[in-house]
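These notes concern the structure reproduced below.
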Amino acid sequence: MKKIISFTTTFVMILLLTFSLFSCGEEPVTEKKSAFINGEYIGSYDIVYSEENDYELRAAEYIQGKIKERTGVKVDLVKASEDGGEGAAILVGETARELSSALDAECAGLQFAISADGTEIALEGELFVIAAAAYYFVETYVTGKSFSAIVPEETAVLEPIVKEAKNHILLIGDGMGYVHTRMFDYLADPSEISDGEDTFYGYMLPSQGSCRTSSLSGVTDSAAAGTALATGYKTYNEYIGLNKDGESVKSLTELAIELGKGAAVISTETQTGATPATFSSHVVDRGSSSEIRKQQTALITEHGVIIDGNYSQYTSWIMKSIEGDVMEAIGKMESDPDGFFMMYEEAHIDKACHSNDLERTYLSVIRFNQIIARVMEYAFYNPETFVLITADHETGDLEPNASGELVYGSEEHTDKDVPVFAYGKGSELFNGKTVENVQIAMTFASFWGVSDFGDQSEFAPLGK
Ligand SMILES: [Zn+2]
């Protein structure tokens, strides 16, 4: 009896299984209406975006693009000013809808917020941080061709998604000391001079530290400081890409090429200027511009390295052309499966401080800040990206006086430590630390699996 029951049960189970498999196969395949958020078909949603800044537009376009790519459904983009205020919507930035104003979450640093109310979903993030919100939203909820996602009603305050880095970006503010990065604090109305910025974006990054800058000559010039950041060797002033014995030493650019990565060296001054030169040539005298150019041309033609520059003239502090060139350079390299290395230098902070020109100092810090914002936006959409912001040295001994105005104490470089701001996988190594400039180069190399880069007789890469 027992045996029969068992047989019958098995038989019924097989029958049920066969039936269910068969019936699955018989079900009509529905191409449409397979993607739902909060119970509503994704095609019913509009993406309503705030028009406060371009980051919000690009975030809206990013979400639209990813929804199309993953589900095949085209969702409409609607300006907040043209929004009817009704219907299912993904709200990007502050809009007139109630949920937007209700959200207003406390976000520190790079945090962003997401909340939902039925078929309204709001994303909020300051300036470029909205990119991190957009990326998070599509990665978490728009997961494939078919899904039924629930965005919780309770406001979530979140951090950007970070992945193992294959792209490494080094941003150098030539001559930029701590006080330069605090300039906004000393202005009664920063918006008078800026494009809306009132903070140096480095301070939003999770990892912050300091860097010592001296060269073997004492107070460094940009040649020795650039060489330290590019090659991991302390050297004498005037030397470009050479160690103390005058021997050529490998730069991060050359190492990146060796490893099959894309590489770019970009500066707001002529490409033969000391900083870009240290990342792309080896000469005894920083003034040997024709030899520097010759070596750079060889790098460009043999290895496809991008070397830009020549923004020596100010037309405006909002330099769309530089921004465009930086994004174009990244665009050319980003398809490389091995990732890329890019050094970008704002050269004019140093120049303005040599001539004790406060207004130009502000303008060049602001221009640098705007590039930082674009690079961070890129890093949010491409989380395999590591970003480090620092300076080669301080120039001008800039300090506030007794009445809180900024004044120069010098027309020369100083030996003051400079700030380090870092973002991405591994950036925590820099947090709260004072490093030597050479350790930055060594640490970049060790991220790429090269542990013996630079002169490690005195200093080692971080994390080692
Ligand atoms: Zn200088």
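The values are calculated or read from the model by the stated rules, or taken from the named source; none is laboratory data. The model shown is predicted, which means the values in this text are computed figures rather than measured ones. Virtual Cβ from ideal backbone geometry, glycine too; neighbours counted across all protein chains shown.
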For residue 226, which of the numbered conditions (1) touching a Ser or Thr at 6+ places or on another chain (Cβ under 8 Å); (2) away from the ligand (no atom under 16 Å from the Cβ); (3) not hydroxyl-bearing (Ser, Thr, Tyr) fails to hold? (2)
Suppose we keep only residues that are more than 16 Å from the ligand (Cβ to nearest atom) and small (Gly, Ala, Ser) within the range 317-348. Which one would you say is nearest to residue 251 (Cα to Cα)? 339
Go through the range 250-297 and count every residue that is aliphatic (A, V, I, L, M) and assigned to a helix (DSSP H, G or I). 7
When residue 357 is run through (1) buried (at least 18 other Cβ atoms within 10 Å of the Cβ); (2) within 16 Å of the ligand (Cβ to nearest atom), the failure sits at (1)
Condition set out of contact with any Ser or Thr (no Cβ under 7 Å at 6 or more places or on another chain) and either away from the ligand (no atom under 15 Å from the Cβ) or assigned to a loop (DSSP other than H, G, I, E, B) (or both), scope the range 199-220, selection nearest to residue 251 (Cα to Cα): answer is 217
Of the numbered conditions (1) buried (at least 18 other Cβ atoms within 10 Å of the Cβ); (2) more than 30 Å from residue 135 (Cβ to Cβ); (3) away from the ligand (no atom under 14 Å from the Cβ), residue 351 satisfies every one except a single condition; which is it? (3)
Considering residues of the range 400-420 that are among the polar types (S, T, N, Q) and out of contact with any strand residue (DSSP E or B) (no Cβ under 7 Å at 6 or more places or on another chain) only, the residue farthest from residue 430 (Cα to Cα): 403
Quick check on my filter: what residues within the range 48-80 are at pLDDT below 95 and in a helix (DSSP H, G or I)? 54
If you take just the strands (runs of 3 or more DSSP E) that sit entirely in the range 88-165, which of them hold at least 2 residues that are more than 14 Å from residue 63 (Cα to Cα) and in contact with a Pro (Cβ under 7 Å, 6 or more places away or on another chain)? none
Residue 82 of a type outside the set (Gly, Ala, Ser) and under 19 Å from residue 130 (Cα atoms): no
If we scan the range 399-406, do we find a residue that is closer than 28 Å to residue 109 by Cβ, more than 13 Å from the ligand (Cβ to nearest atom), hydroxyl-bearing (Ser, Thr, Tyr) and in the same structural domain as residue 263 (by TED's automatic domain parsing)? no
Looking at 193, 150, 161, can you tell me which residue is modelled with pLDDT under 95 and either under 19 Å from residue 126 (Cβ atoms) or not polar (S, T, N, Q) (or both)? 193
